[in-house]
Each structure stands twice: as C-alpha cells, then as structure tokens.
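Where a number appears in this text, it was derived from the coordinates with a stated rule and is not lab data. As the structure is a computational prediction, the values presented were derived from the model and not from experiment. We place every Cβ from the backbone using ideal geometry, glycine too, and count neighbours over all the protein chains shown.
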Amino acid sequence: MVFTPWPHTQIVAENCGEIDPYHPKNHDLFRGEEAFDASVTGRERWSKPSPEPRLDAQFEGVLLDSIEQNAALINALARELARQIAEKYSAGEKPILVAILRAGLPICALLGPLLEEKWGELVPIRAFSLFYGLGWDDAALAKIVAEFQGRPLVFVDGWTSGGSVALELNRAFEAWKIAGNPDFTRGQKPLLAVLCDPRGVADVSAVQSDVFVPSAPFTAPETLGFSRGFAREVGELFGVYTFPRALLKPHWQSAWLQILQGEIAPLPQSEIAPFKATPPGVRIHLNEVTRALINRSPREIWLHDDENTARKTLGPLLHLAGLRGVPVQFGSEKPRQWGARAAAPGA
C-alpha cells in the first residue's frame, strides 16, 4: 500500500520503504546525470527515481499565490476537460481515471468530483507510472484492468509538449496486445486526456495552447508523499519510495482542490500554429520548462511574455530560475518558432 493524501486515489506500485529524500545518506538512491544521457536507455535509465531538491522557505508563498492567481483559469479548463470526457461515454460505460504519475494526479483530483457531479457516483482514480523508452507498468495496468473488468480507462496527464507520452502510450498498448492482454479500449487506442495540449497530440484536451498549470512545480515530498516510480525486475510492479508524512504540505493540496469552489474564467483560445522541430537539448512549453528547473539547471530561460506579465502569472517558474541561478530573457521570440511561450536550452 502506498499512501497518498489525494482523495479517492490508489497508487498502483510497490512500496519499497520509507526514506527521507533530503538526507545525504539517501543520495545514491536517486538518479543522477545518467537520466539525461541519451546512451542510457530502457530499464537501466529508469532504475532509480528522480531526485527531490529542497526548495527555499519563500517558495511556498509564491506557489500559493500562483494557484490563487490562476485558479479561475484552471477551474475553467478542468470543467471543460470533464465535459469532454463525459460526452465520450454513455451512462452505462463510465470510465476509470488512470493518472500518469506524477503530473496526472492533481488533474484527476479535479476531474473526479466534476465527473461525480455529472454521473451521480464516485469516480475511481488509479495512478501508475509510464516512462519514455520503457513504456507503462504492465503489472500495475494488469491490476487496474482486473479490478475494473469491462470498464474503459482514461489516461490523464497534466499537459503535453513534444508528444512523448502519447507516443509511449500507443507503443505500450501495441506491446500489451501482442502479449495477449485484454483490449480495454474496445478496439480503438488508449485515450489520453490533458488540460493543455499545445501541439494537439492528446485525444482530449481543454485547450490547445501553452498554458501555465500551477501544479507543474509541485514537489513530491510536499504534495504526493512518495517518489517518482522506478523500474524493478521484468514482470514486477514498478517501485516507489514513500516519504515521511511530516514533509507533506496539506495546505498546498487544499488550495489546489479549492479551485473548483471559485470563479470560472472564460476559456482561452486554442492557438496551434505551424512550428519548427525543436532542436536537441531544448525543453519547450511553460510546464516542461518549470519541471526542468526542478530537476535540472538549464543554461537560460527564454520567455515570450514580457517581464510584467511573467511576474504576474509565472511566479513559480521565475522563483525556481532565481534559486538555480538561471538567467531569464523576457520578450524573446525564440520560443514562438516552436509554438511555445517558453524554452530552456541545456535542459
């Protein structure tokens, strides 16, 4: 059993014991630069979880302010995504939400009550790991399919960028079928649902543009209670380490869940435009750049937004850049060539 504070959610992974992610003695349990070495692939690349860097005391205030500033927009996006999911399924075939760890979990926490309101019953949420170049956790998915026989699955992530999650879902599904496992898609393909989908690679999305989601800077010890997954032996559940519950920040989660109780902003306009291929070593889109600032230290950040706009709406991203000593260039046209509002070379 893997504890998580998120409501009505079960984490389908092997609990490999509790560790303090911030204690130096546990440093070697986490991945290093080999996680970003293209020559390290498959199971070896994902045999350890990503590290959990400690943030400063000021980050909490910046994050909570960002959730408040973006709440009406996220409320609108969550409701639009729930509406689209509900429209895809009849009353007799309500799906199970499967969060792709870790970004999918906060989104499922918003979708769950919205879909419950539409369908009049609790919507189960399960969560599992999927890694680029390795696929999904077959053992975890087998457990989910067996638990909810005959029910469709909706895979939920926070956002898309280059499309690697969508690609890996489809690859993993083909391998799943070849292995003789049951087709839970009813002859179609895995359905990926996200809040924002700048390049239109998801099956269902609330908006097709580069929108900042303030759960992007959520750190696992403070919001999840467990590490990123990691691959174990073939056929075994992927593992996670649990973290001391004293590290959790329940008010972060509460602020996120309260989004549904507030105002609803107009939906932003989708704006998929022609874009060039992203060069190697450049991370694009606001949420992926934010994650890069947690896991790595890019050489520089290029933002299309002017500084005043960025200060109002992208507080966590700018704060993380300051902590990492990463310079930020405002009003840059460089991200627009890749259809993005942000880019990070060296990430």
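Observations on the model:
- Dipole of the chain [Lys/Arg +1, Asp/Glu -1 at C-beta], most positive-end residue of 1, 47, 293: 47
- Taking amide H as placed 1.01 Å from N in the peptide plane, residue 96 has its amide H under 5 Å from the amide H of 153, 154, each at least 5 places away in sequence or on another chain.
- The length gained by stretching the chain between residue 330 and residue 27 to full extension, at 0.36 nm per residue less their Cα-Cα distance, is 105.6 nm.
- Note on residue 295 and residue 251: the extension gain reaches 13.5 nm, defined as 0.36 nm multiplied by sequence separation minus the Cα-Cα distance.
- Figure legend: label point modelled 7 angstrom from the Cα of residue 84 along Cα→Cβ; residues of region 323-342 with amide N under 19 Å from it are 339-341.
- Karplus-derived 3J(HN,Hα), 6.51/-1.76/1.60, for each residue of region 234-239, Hz, glycine and proline x: 4, x, 8, 4, 4, x
- Projecting label points 7 angstrom from Cα along Cα→Cβ for residue 56 and residue 189 puts them 4.5 nm apart.
- Prolate/oblate/rounded call for region 282-345, Cα gyration tensor, a/c under 1.5 rounded: oblate
- For residue 14, distant residues with modelled amide H under 5 Å away: 238, 239, 240
- Helical content alone sets the calculated 222 nm signal of the chain at -10000 deg cm²/dmol, taking -39,500 (n - 2.57) per DSSP H segment of four or more residues and averaging over every residue.
- Pairs beyond 29 Å (Cα-Cα), from 249/312; 143/276; 88/177; 118/189; 118/143; 48/143: 143/276
- Length gained on full extension, residue 179 to residue 20, computed as 0.36 nm times the residue gap minus the Cα-Cα distance: 53.4 nm.
- When the charge dipole of region 282-345 is built from unit charges on Cβ atoms (+1 for Lys and Arg, -1 for Asp and Glu) and taken about the Cα centre, the candidate among 310, 339, 323 whose Cα reaches farthest toward its positive end is 323.
- Global geometry of region 29-119, whether rounded, prolate or oblate, following the gyration tensor of its Cα atoms and the 1.5 cut on a/c: oblate
- Spin-label model distance (nm) - residue 146 vs residue 337, 7 Å beyond Cα toward Cβ: 5.2 nm
- Amide H partners (placed H, <5 Å) of residue 228, local residues excluded: 50
- 3J(HN,Hα) along region 325-332, derived from phi through the Karplus expression 6.51 cos²θ - 1.76 cosθ + 1.60 where θ = phi - 60°, amounts to x, 9, x, 10, 9, 8, x, 7 Hz, with x in place of Gly and Pro.
- Reducing region 222-260 and region 63-135 to their Cα centroids gives an inter-centroid distance of 17 Å.
- Calculated on the Cα set of region 241-294, radius of gyration then Dmax: 17.7, 47 Å.
- Taking packing as the residue-averaged number of other Cβ atoms within 10 angstrom, the listed peptides 145-151, 224-230, 341-347 run from highest to lowest as 224-230, 341-347, 145-151.
- Global geometry of region 192-298, whether rounded, prolate or oblate, following the gyration tensor of its Cα atoms and the 1.5 cut on a/c: oblate
- Among 109-117, 42-50, 195-203, the peptide with the highest mean count of other Cβ atoms within 10 Å heads the list, and the full ranking is 195-203, 109-117, 42-50.
- Most tightly packed first, judged by the mean number of other beta-carbon atoms within 10 Å of their residues, the peptides 275-284, 318-327 read 318-327, 275-284.
- Relative contact order of the chain, defined on C-alpha pairs under 8 angstrom at six or more residues apart (%): 22 percent
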